[in-house]
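**Student:** Below you will find the structure I want to go over with you.
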Amino acid sequence: QVQLAESGGGLVQAGGSLTLSCAASGRSFSNVMAWFRQAPGNQREFVAAISWAGGSPVYGDSVRGRFAISRDGTKNSASLQMNSLKPEDTAVYYCAARSPTVISRDWRQYNKWGQGTQVTVSS
């Protein structure tokens with residue numbers, strides 16, 4: 001089955017940029033790839049998603065205009081470009097995927113997950 005692996009997390013100062021990558025492997029294809037994040041004491045939060053079926057990427061309200069998601073089908077991967085980072089962006093970021101073509105903001109609708117990568121934004 002499809003496995004996901006995130007990379008690119010780290011420590012960055014407020015206002016800086018960071019790029020996360022998600023690599024998928026396995027025999028199954030997922031139409032939607034997404035990013036979620038979770039900080040201690042907070043709910044798992046939708047960040048961004050993109051569908052192979054087309055249409056515009058979808059972003060969470062807190063990151064819209066600062067983050068950009070992209071997908072490379074030839075490499076079976078997705079990236080999250082994070083700009084103008086804020087301390088409140090600090091969280092573990094997870095890559096997720098699902099077979100249906102419709103993007104969902106609900107983490108419970110995703111059945112494939114990476115292990116997470118830590119992003120820490122210092123002030």
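The values are calculated or read from the model by the stated rules, or taken from the named source; none is laboratory data. Worth saying up front: this structure is predicted, and the values here are computed from it rather than measured. Backbone-built Cβ (ideal geometry, glycine too); neighbour counts: all protein chains shown. Remember, those area values only see protein heavy atoms, side chains included, never the ligands or the DNA or RNA. Shrake-Rupley method; radii C 1.70, N 1.55, O 1.52, S 1.80 Å.
**Student:** Collect the residues in segment 77-123 that are at pLDDT 95 or above, hydroxyl-bearing (Ser, Thr, Tyr) and within 13 Å of Gln3 (Cα to Cα), keeping them in residue-number order.
**Tutor:** If the condition is that a residue be at pLDDT 95 or above, hydroxyl-bearing (Ser, Thr, Tyr) and within 13 Å of Gln3 (Cα to Cα), then Tyr94, Tyr110 are the ones that fit.
**Student:** Among the residues of segment 1-17 satisfying the criterion of being farther than 18 Å from Ser122 by Cβ and not in a loop (DSSP other than H, G, I, E, B), which is most open to solvent (accessible area, probe 1.4 Å)? Step through it out loud before you land on a result.
**Tutor:** Pass one, segment 1-17, residues farther than 18 Å from Ser122 by Cβ: 1-7.
Of the ones still in play, those that are also not in a loop (DSSP other than H, G, I, E, B) are 3-7.
Details: Gln3: 108, Leu4: 15, Ala5: 46, Glu6: 15, Ser7: 60 Å².
In this case the residue turns out to be Gln3.
**Student:** Hey, any hits in segment 38-60 for a residue that's of a type in the set (Val, Ile, Thr) and within 17 Å of Ser7 (Cα to Cα)?
**Tutor:** The initial filter retains those residues of segment 38-60 that are of a type in the set (Val, Ile, Thr), namely 47, 50, 58.
Of the ones still in play, those that are also within 17 Å of Ser7 (Cα to Cα) are 47.
Scanning segment 38-60 turns up at least one residue that is of a type in the set (Val, Ile, Thr) and within 17 Å of Ser7 (Cα to Cα).
**Student:** Same structure, new question: Being more than 14 Å from Leu18 (Cβ to Cβ), modelled with pLDDT under 95, open to solvent by 20 Å² or more (accessible area, probe 1.4 Å) and hydroxyl-bearing (Ser, Thr, Tyr) is the requirement here; does Ser51 meet it?
**Tutor:** Values: more than 14 Å from Leu18 (Cβ to Cβ): yes; modelled with pLDDT under 95: yes; open to solvent by 20 Å² or more (accessible area, probe 1.4 Å): no; hydroxyl-bearing (Ser, Thr, Tyr): yes.
No: the conditions fail for Ser51.
**Student:** Just to be sure before I move on: is Gly60 under 11 Å from the mean Cα position of the chain (by Cα) and at positive phi in the structure I sent?
**Tutor:** Details: under 11 Å from the mean Cα position of the chain (by Cα): yes; at positive phi: no.
No.
**Student:** From the list Arg37, Arg71, Arg66, Arg44, pick out the single residue that is of a type in the set (Lys, Arg), in contact with a Ser or Thr (Cβ under 7 Å, 6 or more places away or on another chain) and surrounded by 13 or more Cβ atoms within 10 Å (Cβ to Cβ). Give the derivation first.
**Tutor:** On the way: Arg37 fails: in contact with a Ser or Thr (Cβ under 7 Å, 6 or more places away or on another chain); Arg71 fails: in contact with a Ser or Thr (Cβ under 7 Å, 6 or more places away or on another chain); Arg44 fails: in contact with a Ser or Thr (Cβ under 7 Å, 6 or more places away or on another chain).
The match here is Arg66.
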